[in-house]
Amino acid sequence: MGESFSAKQAVRVLAVTLAGLLVVAAAFASVYTVTEQQQAVVTQFGKVIDIKGAGLHFIVPLIQAQRLVDMTTKGMMIGYSSEQSTNSAYTVPTESLMITRDFNFVNVDFYVEWRVTDPAKYLFNSSQPEIILRNALQSEARAAVSSYDVDAVLTTAKSEIQAKIKEGAQEKLDEYNLGLVVSNVSIQDTEPPTPEVVAAFKDVENAKQSKDTEINTARTYYNEEIPSARAEADRILKAAESERESRINEAKGQVARFNEMFSEYAKNKEITRTRMYLEAMEEILPGIKVYIDSGAGDTMKLLPLEPLEGGAQE
């Protein structure tokens with residue numbers, strides 16, 4: 001009887017211990033914590049019933065379950081890898097090699113930032129949402145690059161290509177209803193696939209830079225010389241205008257004097273003619289010498305005369 005009682009007690013103790021462990025395990029399973037960077041998707045018999053934010057939360061064990069989703073912004077490298085074991089040049093040719101509109105090959109590496117906007121859709125609308133995101137980005141990248149010539153892809157069209165990739169990939173993600181958003185697409189590098197082509201494109205780029213330098217030099221010279229030339233032209237125009245006004249005023253004065261003289265002449269022609277003759281002689285005679293030649297012949301010659309002032313000349 002004693003041995004039977006001891007066995008029953010041992011079974012009871014074991015049962016109570018197991019029950020206690022189950023209660024503790026259930027208690028631990030029913031409590032979970034969500035951080036500021038996370039959201040929790042709560043399901044009941046596999047159906048989403050709630051989404052919880054940061055804090056301490058409870059669920060009913062065995063009936064309900066929760067899955068935590070990181071809501072922070074994440075990065076994705078396409079066309080290259082941070083692991084050297086992938087390739088000696090860190091590139092992933094299957095992702096980076098693309099063809100341009102003018103049928104040239106080019107390697108394009110870009111970095112994508114994305115985040116989850118709807119954790120329930122992210123978890124249950126697809127089993128591999130990140131793979132779908134990567135495929136959508138690669139598809140849009142190839143489509144964008146194929147719409148530009150190689151020169152534009154390597155130089156001026158990078159910002160346009162980035163915008164097209166982001167917009168196209170987001171349209172696909174919205175169509176698939178994955179609960180993801182692409183926040184930024186940044187091209188890290190673009191280069192031809194072979195060293196020979198790289199060298200040729202570098203020469204082209206150097207030529208373009210030399211062209212830009214010459215253009216900037218010419219513009220600088222233009223900006224320096226044109227104001228000076230305009231100032232000189234303005235000075236010449238002002239001098240010409242001043243000369244014009246001076247000559248016009250002089251001509252007007254002469255016309256006025258002529259009209260005045262003509263008015264006097266019209267009143268008394270003989271007196272005015274004599275006065276004008278005398279005035280002309282006053283201006284002419286002081287500068288000449290007159291001599292009277294009374295030599296043979298009937299003609300008297302007038303030669304320059306010395307002034308009579310100062311006595312007779314010998």
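The values are calculated or read from the model by the stated rules, or taken from the named source; none is laboratory data. Keep in mind that what you see is a predicted model, and the values were worked out from it rather than measured. Note that each Cβ is placed from the backbone with ideal geometry, even for glycine, and that neighbours are counted across all protein chains shown.
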Open item on the list: Anything in the stretch 146-171 that is at pLDDT 95 or above and either aliphatic (A, V, I, L, M) or touching a His at 6+ places or on another chain (Cβ under 6 Å) (or both)? List them, or say none.
Closed with: Ile161, Ala163, Ile165, Ala169
TODO: Report, by residue number, each residue of the stretch 105-140 that is at pLDDT 95 or above, touching a Ser or Thr at 6+ places or on another chain (Cβ under 9 Å) and among the charged types (D, E, K, R).
DONE: Glu113, Arg115
Open item on the list: Please go through (1) small (Gly, Ala, Ser); (2) more than 30 Å from Thr72 (Cβ to Cβ); (3) touching a residue at least 60 places away in the same chain (Cβ under 8 Å) for Gly179 and return the number of the only condition it doesn't satisfy.
Closed with: (2)
Open item on the list: Can you find, within the stretch 157-176, the residue that is surrounded by the fewest Cβ atoms within 10 Å (Cβ to Cβ) among those that are without any contact (Cβ under 8 Å) to a residue 24 or more places away in the chain and touching a Phe, Trp or Tyr at 6+ places or on another chain (Cβ under 9 Å)?
Closed with: Glu160
Open item on the list: Quick check on this structure: which one of Lys172, Lys166 is among the charged types (D, E, K, R), touching a strand residue (DSSP E or B) at 6+ places or on another chain (Cβ under 7 Å) and assigned by TED's automatic domain parsing to the domain that holds Phe105?
Closed with: Lys166
Open item on the list: When you check Ser139 against the structure, is it farther than 19 Å from Met71 by Cβ and surrounded by fewer than 17 Cβ atoms within 10 Å (Cβ to Cβ), yes or no?
Closed with: yes
- [ ] Show the residue pairs that are 6+ apart or on different chains and have beta-carbon atoms under 9 Å apart, the first residue being within the stretch 75-95 and over 19 Å from Ser186 (Cβ atoms), the second being assigned to a loop (DSSP other than H, G, I, E, B) and modelled with pLDDT under 70.
- [x] Pro93/Asn87
- [ ] Mind listing just one residue for me: the one in the stretch 87-134 that is over 33 Å from the mean Cα position of the chain (by Cα) and of a type in the set (Asp, Glu) and, of those, surrounded by the most Cβ atoms within 10 Å (Cβ to Cβ)?
- [x] Asp118
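Residues are listed down the side, and each one gets a yes or a no for (1) touching a residue at least 40 places away in the same chain (Cβ under 8 Å); (2) within 30 Å of Ile49 (Cα to Cα); (3) among the acidic types (Asp, Glu):
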site: Pro129; (1), (2), (3): yes, yes, no
site: Ile132; (1), (2), (3): yes, yes, no
site: Ala144; (1), (2), (3): no, no, no
site: Val150; (1), (2), (3): yes, no, no
site: Val153; (1), (2), (3): yes, no, no
site: Val185; (1), (2), (3): yes, no, no
site: Thr217; (1), (2), (3): no, no, no
Task: Conditions (1) at pLDDT 85 or above; (2) in a helix (DSSP H, G or I): number failed by Ala200 - done: (1)
Task: Any chance Leu123 is in a helix (DSSP H, G or I), hydrophobic (A, V, I, L, M, F, W, C) and within 22 Å of Tyr90 (Cα to Cα) - done: no
Open item on the list: Take the conditions outside the structural domain of Val150 (by TED's automatic domain parsing), surrounded by 10 or more Cβ atoms within 10 Å (Cβ to Cβ) and out of contact with any Cys (no Cβ under 8 Å at 6 or more places or on another chain) and apply them to Asn206. Does it pass?
Closed with: yes
